[in-house]
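Some notes on the structure that comes next.
Since every read-out is calculated from the coordinates, none of them should be taken as a lab result. Since this is a predicted model, take the numbers as computed values, not measurements. Every residue, glycine as well, gets a Cβ built from its backbone with ideal geometry; the counts of neighbours run over all protein chains shown.
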Amino acid sequence: MSAIELIFPVDVEKYLPEIIKRNYGKWVDRKFHGNGIIEHISETGERVFTVKVALPPNARVSADTLEKFADIADKYGVGALRITTAGNVEFITDSLEKALKIKEEVEKLGFPVGGWRGALWGINTCTGFLTCQIAVVDAVSIGKALGDALKPYFTGEIPLPAKLRIYVSGCPSACAGGIGIDIAIVGMWGAAPKIREEVLPLCLPPPKALAKVPETQIFLVQICPTGALTLRREGGKIKLVLISEKCINCGRCKDNCDAFDYDPKDVGVAILVGGRMSNTGSGPRLARNLVPWLPANPPKYEEIVAVVKHVIEIWRQNAKPGERLADFIDRIGWAKFLELVGVPRITAEYMYWPDIARTYLLYRSRGEIIFRGLRDAP
Amino acid sequence: MAAPPGLPPPEELLKKAEEYLKELEKGPWPSHVSEMRKTGYPLYVYGVGLVARKSPWGPSVVKTKRLTGVLARIARDWVPGGGEEVHFRVFNTPGKFYPTDYLRKLIKISREYGVGLIEAVGQTGAIVINLKSKDVADKMIDALREIGTDVGGSGDAIREFNACVGPALCEFALYDTLRWFSEFKKDKRVHDAIAVPGLPYKFKIKFSGCPMDCARANRADLGFIGVWKGAPEVDQELLRKKIEAGEVDPKKLEADCPSGAITWDGKELKIDGTRCKKSMHCIRTAFPAIKPGKERRVAVLVGGGTKGRYGPKFGWFVGYLKPDEVKKAIDLTFKVIEPWDKEAPAKNRIGDYILMEGLYKFIEKAGIDLEDTPKLIEKLPDNVPYRVLSEAERVKFAEFAEKVKQMVKV
């Protein structure tokens, strides 16, 4: 099909350290040695220790730091390290003394060791203003501000009832890992986007074609899930307009066209709680909207840090051991949880509906038929 | 994006940006700003973005020999001094293991052709390397190919896969996630779909070894999660030893089981396989005395995702595969993609398409026929109180009645 021949690093054996190759698939047990150090026991009797180290937000590391990591892995480890999906790095070694030595070395470099079991496992952030053109808040610096405040939960100085993970995303695309997590912080537009008329023609067919093509064939009209973007005739000219009452701030128009803009004073973040990917407890679910809008003030983001810390503290002080935030909310009930947090009670429907149901059931573009299965039913 | 209102003049703006950046270097958590100070990344652009509270980057293009995995940005006109940012998405190794010699080669490439900045893991699962400038793009691709990796996986293509660590470090893995990861990439059709963006929207594939779902396969367009059928296996001997040693409290185990499937009668621990919801609770607490069952399967989920027309959603279960049926899984991938690719409008994820079509219609169109694939016809009679039954169905119930008659001996 194509002339491009990609090379994939697919040889599993090639990238595994010897000790792991010998014990591949033979693990029988694990032990924890304080926060961040875990011992894997194989049926052959061999032991492997992994040390979990937090990376800076967005897992941005300089070549210099990585080189230092490689030196540590060579000196005290088995000559390999592993990067986790959560944006942490795990050093692999074969004895507890060496693991403790690694812990000491990386802490000297300023990287905390922690995670596992009842602790904060890490903060994932999207790229924010580092590369993204769509982000409305800088998730990376929010991640840094949260990390500063929540470090004791990561290193285990303050133990938590169960696993906690935080995703910080700069816009509703939620690139930090979606909203299926304990605490998700998502950048919000706050108000309907403004259209930059001078850029808009680049995303639309030429004016003459625009007058002829049916509305449903216009790309920008197609991508809007709620039909907020429509064509209107104004003084003999066809124009694309945005009906702000219909807009749900999903950011899909901005994803696909650079003509949509916002005013920084409207922008904030939403805080969603109680999601989870794992099948433990009562199973995977998406997080629920706790606070629909909070101001995001760089570089310290005091408001966001305070609310997140408040939520964690309520959970820590009231939850049973081993109870994740989702299970805790299940047990005490959403209404009681709202009362404990003290957020203003909101009656808007979107607080109670999962996002997907909201967009799917409530909104549609003109001419769009939802669920063809129903229409075509015999 | 246009310049935000009330932006200070350039000199003052840069000074303020520097203040913000200094602020971000303080604090006990590792700082991305201190890391980037050691590199050639245009940090002032980021700082200006923070002050303006708007992303300082706009779209740009770079011409390379790759169609996916290459992303370029240019600073907006209101950023004093301007600047550009080009980065590559580079394929990760299976399990994201990095032998130090391989890591050092990556570091060398990053210093030679890049600014010395690496994003160790993006949410797609790829490693992201920033480039020095647009001119070295092809040279960097050659250098990366030399060490055995490549650039790709962005835009409307199959993205970089994500697999949990699996049997390499975890005792719970129910199938070989890393082997599946590499088998998928060895397939020519998968290769083409990664190299050339031709789908309606992105397509992500993830492999999780057990229901704890570390690779987040639940929210992938196509997710594979290791499960077992029936009850977990209990080694009563070993469990008794563990209870005597005080490692396991059977009463607590019974009480904490979310599906209520565990019963403890003082001597033996029994688990009801029909009720078991595979929450992994007992297995995590009492491993290896309680192990996942012998009948291993890989559950296939289709249609998860965050970014899409209808917002965030989890995947739908469409059937089981056996742990060694990786070839069948690859065929399934293209079966699933086919109706979506043909019919879905642009920028609709496969989950959005399934919502529009209905799950059963989609299964029919894609021709998915796996073990336990949900089918509309197989709805239990108790869901539909009265309906026209086919001859075959009536025979089934007649046989059932006959069996009961024998049992009860009327």
statement: Here FRET efficiency (C-beta to C-beta, residue A:199 to residue A:309, R₀ 56 Å, nearest 0.05) is 0.90
- prompt: How large is the Kirkwood hydrodynamic radius of the range A:194-261, in angstrom, based on all distinct alpha carbon pairs?
  reply: 12.2 Å
query: Angle between the Cα long axis of helix B:100-112 and the longest principal axis of chain B, 0 to 90 degrees, nearest 10?
result: 30 degrees
- prompt: Cysteines without a disulfide-compatible partner in chain A, using Cβ under 4.7 Å as the rule?
  reply: A:132, A:171, A:224, A:247, A:250, A:253
query: If pairing requires two Cys Cβ atoms under 4.7 Å apart, which cysteines of chain B are left without a partner?
result: B:170, B:210, B:257, B:276, B:282
- line: Of the convex hull drawn through the C-alpha atoms of the protein assembly as shown, the volume per residue in Å³ is 184 Å³
statement: Per-residue ellipticity at 222 nm attributable to helices in chain A (runs of n ≥ 4 DSSP H, -39500 (n - 2.57) apiece, nearest 500 deg cm²/dmol) works out to -8000 deg cm²/dmol
query: In whole Hz, what ³J(HN,Hα) sequence does the range B:159-167 give by Karplus (6.51, -1.76, 1.60; θ = phi - 60°), x for Gly and Pro?
result: 8, 4, 6, 10, 10, 6, 5, x, x
task: May I ask which residue of A:83, A:133, B:248 lies farthest towards the positive end of the charge dipole of the protein assembly as shown, with charges of +1 (Lys, Arg) and -1 (Asp, Glu) on Cβ and the Cα centre as origin?
output: A:133
- line: Quick calc, chain A, dipole around Cα centre from Cβ unit charges on Lys, Arg (+) and Asp, Glu (-), nearest 20 debye, gives 1000 debye
message: Cβ neighbours within 10 Å, averaged per peptide: list B:137-149, B:169-181 in order, most packed at the top.
response: B:169-181, B:137-149
- request: Hey, could you grab the Kirkwood Rh for chain A? Inverse mean 1/r over distinct alpha carbon pairs, Å, one decimal.
  value: 23.6 Å
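So for the range B:10-146, considering every pair of alpha-carbon atoms, how many percent are separated by more than 25 Å? List each step's numbers first, then the result.
Values: 2936 of 9316 pairs.
Every Cα pair in the range B:10-146 considered, those over 25 Å come to 32 percent.
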statement: Under a Gaussian network model of chain B whose springs join Cα atoms within less than 10 Å, the largest fluctuation of B:152, B:305, B:81 belongs to B:81
query: Could you give the angle, 0 to 90 degrees to the nearest 10, between helix B:43-52's Cα long axis and the longest principal axis of the Cα atoms of chain B?
result: 80 degrees
field: Reachable lysines from residue B:108, criterion Cα separation under 22 angstrom, eight or more residues apart if same chain
entry: A:14, A:68, A:75, B:38, B:65, B:96, B:132, B:134, B:139
statement: With Cα coordinates, the longest principal axis of chain A makes an angle with the long axis of helix A:63-76, in degrees rounded to 10, of 30 degrees
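Taking the Cα centre of chain B as origin, sum charge times position over the Cβ atoms of Lys and Arg (+1) and Asp and Glu (-1), and report the length of that vector in debye to the nearest 20.
My answer is approximately 220 debye.
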Sites residue B:240 and residue B:275, calculated FRET efficiency, Cβ-Cβ separation with R0 25 Å, nearest 0.05: 0.60
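Would you mind getting me the FRET efficiency between residue B:233 and residue A:14? Use the beta-carbon distance for r and R0 = 35 Å, nearest 0.05.
0.55
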message: Let me spell out the model: positive unit charges on the Cβ of Lys and Arg, negative unit charges on the Cβ of Asp and Glu, origin at the Cα centre of the protein assembly as shown. What dipole size does that give, in debye rounded to 20?
response: 1100 debye
- line: Out of A:286, A:65, A:177 - ranked by how far each Cα lies towards the positive end of the dipole of the protein assembly as shown, with unit charges on the beta-carbon of charged residues - the top one is A:286
- line: Checking B:287, B:397, B:314 against a Gaussian network model of chain B (alpha-carbon springs below 10 Å), the top fluctuating residue turns out to be B:397
field: Reachable lysines from residue B:251, criterion Cα separation under 21 angstrom, eight or more residues apart if same chain
entry: A:320, B:241, B:242, B:267, B:270, B:277, B:278, B:291
task: Select from B:120, B:301, B:49 the residue farthest towards the positive end of the dipole of chain B; place +1 on Cβ of Lys and Arg, -1 on Cβ of Asp and Glu, and compute about the Cα centre.
output: B:49
statement: What helix-only [θ] at 222 nm does chain B give? Using -39500 (n - 2.57) per DSSP H run of at least 4, over all residues, to the nearest 500, the answer is -10500 deg cm²/dmol
message: Compute the distance from the alpha-carbon center of the range A:1-53 to that of the range B:113-172, in whole Å.
response: 19 Å
